[in-house]
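Here's the structure we're looking at; comments come further down.
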Amino acid sequence: LRQRQRQLPCMRILSRVELLMQMKLLLSSSNPLARVGARYLSTTDKPVRWGILSAGKIASDYAKAIAHTQGAEAIAVAARSATKAQEFADKHNIQKAYGSYQELLADKDVDVVYVGSIADCHFPLAAQSILAKKPTVVEKPLSLSYKDTKSLVQLSRQKNVFLMEGMWTRCFPATRKVQQLVCAGEIGKVVAVQADFGWSTANSEPEDRIWNPKSGGMILDIGMYLAQVGQVAYPGEEAERIQSMGIKKNGVDHTVMSNIQYSNGGMLQFYVTGDANTEERVMIQGTKGRIIIDPAAHVPTVVRLQKDEGRGAVQESVFEYPLPDDSYTSWNYPGSIGFTYQIQAVGEALRKGEKECRYFTLDDSLQVGSILDAVLQQVHDDDMSSADPASVMSA
């Protein structure tokens, strides 16, 4: 496989060594700046003003969703070059275009920053945004490792700055309905969960991000969607055992199957693959019935509650939450209009002065990060034995 070398956009800000030195200083209990909180919106009538770091495909969809969302406005974008930023700004009717990330982070008019860059740059850009006291939403994954995710969470908490990993699925009304049904005991005790997600990489060029040896592979691309399902099915439980096996292609994980056992004895089984476009369905099985999230489960719109009335006989209730009409424009990724739910949730949190999103908390990010680390370690080490996520979290 040919790997095209390129300069990463994150290299336009502080080096990792400089960044870690600043983080260490700010996290010091003796540093008075460690306790300084960011300023948040205090009124409900002014729009939440977004700054976008990146001018790529996912950032384009996010900008369109912001434009659709009442009470939100994209006012600035920064890219690797001023020309690219200006082209993005013109396309999305954004007021300000910056040729460096530092300029946007210094813009006092920006209320919240969306980091939509390639995954390699999520950690340094997020850290810089937090250091600039900007509430920050980071596209998935929050970072490439549990260690870096923990550092970002610690930094945001010490600096009292809002931080969210962009797990938009958790903000969908359909997901909240599933959580409500589980907590209400509608299907009894949850005993097992099955989920899948796959998209074909057959047409992916050699320079595509999915083949990036550092941040590529299916687990860091879509694995978090499935790992977070365990939090929906087993709220408050810890992932105690993980068994994973996988097949690699071009040096990155390409098809992976994982089994996770939670502290209450519940199980989660999922697989991701780059070999096929899978159904992408979630089934949560309880002692009295099941909940099914119809495809595509990462942008959920239909939830089925099936209560057992005997073996082979069920009473089904269907809950539908259609997406807003997105036919008015073109999108890079299907269902991206659903970003509006996350944008609304972030706006609500900022107006209340909250430091994280209640639908997907920082502790949720930490758990998902530890699971993905354990899965990747097993796949790349060809170790089929079970792993304890606690060993990852203590590393």
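Quick rundown of the values:
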read-out	value
Sites Lys108 and Lys248 - FRET efficiency at Förster radius 45 Å, r taken between beta-carbons, to 0.05	0.45
Neighbourhood net charge (14 Å Cβ-Cβ; Lys/Arg +1, Asp/Glu -1) for Gly230	-3
Using a Förster distance of 51 Å, the FRET efficiency for Ser263-Lys46 (Cβ separation, nearest 0.05)	0.70
Per-residue [θ]222 nm for the chain (sum of -39500 (n - 2.57) over DSSP H runs n ≥ 4, rounded to 500)	-9000 deg cm²/dmol
Test item: Cα-centred dipole of segment 240-317, Lys/Arg +1 and Asp/Glu -1 on Cβ, debye	160 debye
Placed amide H near Val282: partners under 5 Å, 5+ positions off or other chain	Ile293
Spatially proximal lysines relative to Lys214 (Cα-Cα < 26 Å; intrachain offsets below 8 disregarded)	Lys24, Lys57, Lys84, Lys140, Lys147, Lys150, Lys248, Lys249
Inter-label distance for Arg209 and Ser317, nm, one decimal - labels placed 7 Å from Cα along Cα-to-Cβ	3.9 nm
Ellipsoid equivalent to segment 166-262 - semi-axes via the Cα gyration tensor, in Å	30, 16, 10
Cut-off under 5 Å, modelled amide H: who pairs with Val48 long-range	Ala72, Glu73
Length-normalised contact order for the chain - Cα pairs under 8 Å, 6+ apart - percent	19 percent
Solvent exposure of the chain as accessible area per residue, Å², 1.4 Å probe	44 Å²
Farthest positive-ward along segment 34-153 dipole, Cα basis, beta-carbon charges - from Tyr98, Val153, Ala132	Val153
Percent of beta bridges antiparallel (DSSP, the chain, rounded to nearest 5)	60 percent
Highest-MSF residue in the chain out of Glu186, Glu316, Glu354 [GNM, Cα springs under 10 Å]	Glu316
Accessible area of segment 79-175 belonging to carbon and sulfur atoms, whole % at 1.4 Å probe	43 percent
Within segment 66-135, trypsin sites (Lys or Arg not before Pro) in DSSP loop having at most 11 other beta-carbon neighbours inside 10 Å	Lys108
Percent RCO, i.e. relative contact order, over segment 198-253, from Cα pairs under 8 Å lying at least 6 residues apart	42 percent
Segment Lys288-Glu354, extension gain: residue separation times 0.36 nm, minus the distance between their alpha carbons	20.1 nm
Net lengthening on full extension, Val302/Glu238 (0.36 nm per residue, minus Cα-Cα)	20.3 nm
Nearest 10 degrees, 0 to 90: helix 16-27 Cα axis against the chain principal axis	80 degrees
GNM flexibility winner over the chain from Pro295, Pro322, Pro173 (Cα, springs under 10 Å)	Pro322
Segment Asn332-Asn160, length gained on full extension (0.36 nm per residue, minus Cα span)	58.5 nm
Values of log10 I(q)/I(0), in the order q = 0.13, 0.14 Å⁻¹, for the chain under a Debye, Cα-only, solvent-free model	-1.15, -1.33
Size of charge dipole - the chain - debye, nearest 20, with Cβ of Lys, Arg +1 and Asp, Glu -1, no other charges	1120 debye
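The values are calculated or read from the model by the stated rules, or taken from the named source; none is laboratory data. Since the structure is predicted, the reported quantities are computational estimates derived from the model, not experimental observations. Neighbour counts are summed over all protein chains in view; Cβ atoms, including those assigned to glycine, are modelled from backbone coordinates with ideal geometry. What goes into the accessible areas is simple: the full protein's heavy atoms, side chains included, and nothing from ligands, DNA or RNA. Shrake-Rupley method; radii C 1.70, N 1.55, O 1.52, S 1.80 Å.
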